[in-house]
Amino acid sequence: MARIRYIDPELKKALGKVPPSIRREVGLSFDIAGRISEILKLKHLSQADLARAVGKKPALVSRWLSGTHNFTIQTLSQIEAALGVSIIHVTKARK
Amino acid sequence: MFNKIILIIFAMKDQSKTKVEFIPLLLTEKTDIYTIRLNEEKDTEFNKFLIMFKDSEDEYLKGDLDRIIRAIEKISENGALESYFRNEGLFKDRVCAIPLLIEPRDKTKHGTLRLYCIRVSDSLLIVGGGGLKVTDNYEADENLESKVKTLQAIDNELMKLERQKTELIDEIVNISVQID
């Protein structure tokens with residue numbers, strides 16, 4: 001997590017009131033989008049390359065990377081298969 | 001006498017310009033996010049937006065505000081990545097909106113919130129004003145159009161400074177610009 005150098009007091013107060021479910025929803029959405037962007041960069045792939053690999057329109061891929069897309073498990077699986085890397089991990093319960 | 005009239009006209013013309021200052025909103029080691037203060041008003045444009053909607057009784061708008069605020073926080077952590085933003089203004093400017101995952105709703109009863117910004121780079125974002133969007137595009141709403149036009153004018157001034165080799169990320173807190 002990036003170290004905070006300064007935060008406006010009103011913004012800080014407002015952030016403190018964001019419900020946990022929305023915190024996690026937006027956090028996940030942005031982190032998934034950021035992770036996909038990072039993988040594309042590492043593999044020297046463009047959004048168009050990913051679109052072709054998953055058989056979707058470029059505009060949809062653009063939405064995936066916007067941080068505002070509500071991913072389904074199916075879509076995440078298609079992306080992981082196309083890129084050959086994991087995007088999300090599920091923590092398993094300890095035995 | 002004639003010279004005095006000319007001077008008064010020039011003075012009045014300058015007063016019609018808006019002074020814009022850049023006020024820190026959220027600064028991290030990854031991204032600097034500023035907002036703007038117009039004509040030395042008490043509240044910044046971001047604070048005006050917050051004040052307007054923080055006590056909204058509309059659950060959808062309250063949710064939009066929470067998501068926008070949280071998005072600002074995530075942008076500060078991950079960077080103001082180009083992929084997060086859609087150009088809202090003209091192709092020649094960098095005016096965008098804070099990304100918002102919109103909860104499905106009856107658009108005839110509920111609008112959505114829109115908060116506009118200038119994405120200068122992955123490391124520098126300038127948040128302007130916003131409002132309730134009930135139309136298909138901002139041009140159809142006088143308030144939203146005014147917010148976008150203000151940011152377009154600011155972006156124009158910032159681009160002039162960049163062409164003069166000003167490093168905005170280092171200098172922005174010390175500069176102010178004048179817009180029509």
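The values are calculated or read from the model by the stated rules, or taken from the named source; none is laboratory data. If you're wondering where the values come from, they're calculated on a predicted model, not measured in any experiment. Neighbour counts run over all protein chains shown; Cβ positions are idealised from the backbone, glycine included.
Name the residues in the stretch B:76-98 that are under 15 Å from the mean Cα position of the chain (by Cα) and farther than 16 Å from B:Val148 by Cβ, would you?
Going residue by residue through the stretch B:76-98, those that are under 15 Å from the mean Cα position of the chain (by Cα) are B:80, B:85-90, B:93-98.
Passing the criteria: only B:Ala80.
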Quiz item: All but one of (1) more than 10 Å from the chain's Cα centre (by Cα); (2) surrounded by 15 or more Cβ atoms within 10 Å (Cβ to Cβ); (3) modelled with pLDDT of 90 or more hold for B:Arg105; which doesn't?
Solution: (3)
Quiz item: Between residues in the stretch B:146-170 that are within 19 Å of B:Tyr116 (Cα to Cα) and surrounded by 14 or more Cβ atoms within 10 Å (Cβ to Cβ) and residues that are hydroxyl-bearing (Ser, Thr, Tyr) and at pLDDT below 95, which pairs lie under 6 Å by C-beta distance while being six or more apart or on different chains?
Solution: B:Val148/B:Tyr138
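Mind listing whichever residues of the stretch A:1-47 are small (Gly, Ala, Ser) and part of a loop (DSSP other than H, G, I, E, B)? Show your work before the answer.
Within the stretch A:1-47, the first condition is being small (Gly, Ala, Ser), and the residues that meet it are A:2, A:14, A:16, A:21, A:27, A:29, A:33-34, A:37, A:46.
Scanning the stretch A:1-47 gives A:Ala2, A:Ser46.
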Practice problem: Return the pairs, sorted by first residue and then second, in which the second residue is outside any helix (DSSP H, G or I), the first residue lies in the stretch A:60-73 and is free of Cβ contacts under 8 Å to residues at least 12 places away in the same chain, the beta carbons are less than 7 Å apart, and the residues are 6+ apart or on different chains. | Solution: A:Arg63/A:His69
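This table checks each residue for (1) more than 30 Å from B:Lys48 (Cα to Cα); (2) surrounded by 17 or more Cβ atoms within 10 Å (Cβ to Cβ); (3) basic (Lys, Arg).
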site: A:Asp8; (1), (2), (3): no, yes, no
site: A:Leu45; (1), (2), (3): yes, no, no
site: A:Ala51; (1), (2), (3): yes, yes, no
site: A:Lys57; (1), (2), (3): yes, no, yes
site: A:Trp64; (1), (2), (3): yes, yes, no
site: A:Gly67; (1), (2), (3): no, yes, no
site: A:Gln74; (1), (2), (3): yes, no, no
site: A:Ile79; (1), (2), (3): yes, yes, no
Exercise. For A:Leu50, indicate whether it is in a helix (DSSP H, G or I), more than 9 Å from every other protein chain (Cβ to nearest Cβ) and either at positive phi or touching a helix residue (DSSP H, G or I) at 6+ places or on another chain (Cβ under 9 Å) (or both).
Key: yes
Quiz item: Of the numbered conditions (1) in contact (Cβ under 8 Å) with a residue 40 or more places away in the chain; (2) crowded, with 20+ Cβ neighbours inside 10 Å; (3) among the hydrophobic types (A, V, I, L, M, F, W, C), B:Cys117 satisfies every one except a single condition; which is it?
Solution: (1)
Quiz item: In the stretch B:90-111, what residues are farther than 24 Å from B:Leu26 by Cα and in contact with a Lys or Arg (Cβ under 9 Å, 6 or more places away or on another chain)?
Solution: B:Glu103, B:Gly111
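Yes or no, residue by residue, for (1) under 20 Å from B:Lys74 (Cβ atoms); (2) of a type outside the set (A, V, I, L, M, F, W, C); (3) within 15 Å of the chain's Cα centre (by Cα); (4) at pLDDT 95 or above:
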site: B:Asp14; (1), (2), (3), (4): no, yes, no, no
site: B:Phe22; (1), (2), (3), (4): no, no, yes, yes
site: B:Thr28; (1), (2), (3), (4): yes, yes, no, yes
site: B:Thr35; (1), (2), (3), (4): yes, yes, yes, yes
site: B:Glu40; (1), (2), (3), (4): no, yes, no, no
site: B:Lys48; (1), (2), (3), (4): no, yes, yes, yes
site: B:Asp58; (1), (2), (3), (4): no, yes, no, no
Quiz item: Of the residues that make up the stretch A:15-35, is at least one more than 8 Å from every other protein chain (Cβ to nearest Cβ) and buried (at least 16 other Cβ atoms within 10 Å of the Cβ)?
Solution: yes
